[in-house]
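Report on the structure given below.
The values are calculated or read from the model by the stated rules, or taken from the named source; none is laboratory data. Note that the coordinates shown come from a computational prediction; the quantities given were computed from them, not determined experimentally. Here the Cβ positions follow ideal geometry from the backbone for every residue, glycine too, while neighbour counts run over all protein chains shown. Accessible surface is based on the protein model in full, side chains and every heavy atom, while ligands, DNA and RNA are left aside. Shrake-Rupley method; radii C 1.70, N 1.55, O 1.52, S 1.80 Å.
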Amino acid sequence: MSTLKLASRLDVIKPSATIAVAQKARELSAAGKDVLSFSLGEPDFPTPESICEAAHAAIRAGATHYTTARGVQELREVIVETSAKRRGGVRHRPEEVVVTVGAKHALFNLALALYGPGDEVIIPAPYWVSYPEQVRLVGATAVIAETTEEQGFRLQPETLRAAITDRTRALILCTPSNPTGSAYDADSLKALLEVCAEHDFWIIVDEIYGELIYGGFENRSALELAPELKDRMVVVDGVSKTYAMTGWRIGWLLAPTQVANACDTLQSQSTSNPTAVAQYAALAALTGPQEPVVEMCAAFERRRDLIIGRINAIDGLHARMPEGAFYAFVDARALVGRHAAGKRIESDVDLAGYLLDEACCALVPGTAFGAPGYLRMSYATSEDQIETGMARIAAAVAKLS
Ligand code: PMP
Ligand code: GLU
C-alpha cells in the first residue's frame, strides 16, 4: 500500500454516522438478515408521480445541459414565491437564491463561504451530525450549546448568550430539528432572535423539515419573526424531505446577496450547477399538486403517534412527543449499565449494537448527535415495520438485567 498521506484537513472529521448506520443495515440485509432500519432520515414514499412525469418531460425538452451555477431562473423565481408564502410574506429576490446539490450542500457552501480558522460557530445539541463536522472541516470551531428535554430541546436565550464570544461567526438553528423533532414556538424563537439582534453574527436557519409539522403545532419561521435580521440570516431548505426526493439532490439557500454570490462562485468552481433535470423536478414539486405532501404528512403523524406510544410503553425507554420532522429521540439512559448475557452495556453505542444484534433493528446512537444515552429512531417507515420493530425492541430490552 502507498505510504502517501491524505490531506490533514481530513484528520478533524469523521464519516456521517447516520449514513454509516444505514449502510451497515443495508449490508446486513444484503447478507440475508431480516434487519429493520430506523436509521436514515428519508421518506419511504416514492417521489410523487407528477414530479417524475415532469422530469421525463424536462429531459425530452432538452434539460440535459449545464445550467447557470446558482440554478435556473424559473426555479429560483418559484423558490422566492414559495418561501414568501411559507415565511409570512418576507420576500427574497431571485439573485438571493442559490440552488444546491441537496440542503447538505447548501450548508457545506455556507461553511466554506462564512467560517474559517479562529471563528466559532454555535450549534445547539442535540445537533444533526453534519453541522459540527462541516464547521471543523473549514478549520473553525464548533461551540456546542446544550439543550435539555425539559426545555423541549430548544436553545434557551441565556445558554445562547453564554456561548457568544467576540469570535462567534454564526449560529446554526434547525427547526423542526433533526434529531429531536422538536420545533420552536414563536415565543421561544423570538427570545433567541432578540439575543442575536444584540450581536453581529450570521444566523443560519435550517428549515428542511418546515412542512412536516403535526398536531396543529403553529410553526413560525425565524425570517417571519425577525424580518429586520434578514440581512444576516440564511434560510436553508429543499425538496428532499417534503416531497420524498432525497435522491434527486436538490436543496437551496436564501441569503443576502453577498453570501449568495459567494456560494455561486463556489459552485462555479465545484459542481458547476445542480443537475439540470433534478432542478425541473423540484420546480414541478413546488408548483404542482400539493396533496401528496398532505397525505405523506398525515402518514408521518400517525406513525409518530404509534412509535412514541410504543417507546413509552417500554420500561427503561422514554421519548418526548415531537412537533415535526420524522424522528423519535429516545432517552435510553436508564438502560446504560444493564447487562446483556453478562456483558455490561456501557453506552448508547453499545445499546445500539445490542439492538442490532438481538432485535435486528438499526438505530443511530445519540452520541453521534452530541447526546450520549439517547437513540434516534427515524419513523419515515411503514406502520408495519414500526409495530414489528418495536415488539422486537421490547423483547430485547426485557432480556437486559
Ligand atoms: N439538514 C438536516 C437537518 C437534515 O436532516 C438533512 C437530511 N439529510 C439535510 C439538511 C440535508 O438534506 P439533503 O438530503 O437535501 O441534502
Ligand atoms: N439527514 C438524514 C439523516 O439524518 C439523512 C442522512 C444524512 O444526510 O446524514 O438521517
Count of the range 26-55 residues which are assigned to a helix (DSSP H, G or I) and more than 16 Å from ligand 1 (Cβ to nearest atom) = 11
Hey, could you check the range 212-222 for residues that are of a type outside the set (F, W, Y) and buried (at least 18 other Cβ atoms within 10 Å of the Cβ) and say which is nearest to ligand 2 (Cβ to nearest atom)?
-> L212
When every residue in the range 357-373 that is within 16 Å of ligand 2 (Cβ to nearest atom) and either in a helix (DSSP H, G or I) or touching a His at 6+ places or on another chain (Cβ under 7 Å) (or both) is compared, the one most open to solvent (accessible area, probe 1.4 Å) is T367
If V98 satisfies every condition in (1) within 21 Å of the chain's Cα centre (by Cα); (2) under 28 Å from V364 (Cβ atoms) but one, which is the exception?
-> (2)
Within the range 293-344, can you find the residues that are within 23 Å of S221 (Cα to Cα) and assigned to a helix (DSSP H, G or I)?
-> V293, V294, E295, M296, C297, A298, F300, E301, R304
Can you find a residue in the range 257-267 that is open to solvent by 60 Å² or more (accessible area, probe 1.4 Å) and under 21 Å from the mean Cα position of the chain (by Cα)?
-> no
Only one of R26, R9 that is more than 22 Å from E383 (Cα to Cα) and either acidic (D, E) or modelled with pLDDT of 90 or more (or both) | R9
State whether the residues of the range 62-80 include one that is part of a loop (DSSP other than H, G, I, E, B) and without any contact (Cβ under 8 Å) to a residue 60 or more places away in the chain.
-> yes
Checking H105 against (1) in contact with an Asp or Glu (Cβ under 7 Å, 6 or more places away or on another chain); (2) assigned to a helix (DSSP H, G or I), the condition it does not meet | (1)
Residue pairs within 9 Å by beta carbon, gap of at least six or interchain, first lying in the range 294-308 and under 13 Å from L212 (Cβ atoms) and touching a residue at least 40 places away in the same chain (Cβ under 8 Å), second assigned to a helix (DSSP H, G or I) and open to solvent by less than 60 Å² (accessible area, probe 1.4 Å), listed first then second, are R303/I386
Could you tell me whether the range 84-92 includes any residue that is more than 15 Å from ligand 1 (Cβ to nearest atom), hydrophobic (A, V, I, L, M, F, W, C) and either crowded, with 19+ Cβ neighbours inside 10 Å or part of a loop (DSSP other than H, G, I, E, B) (or both)?
-> yes
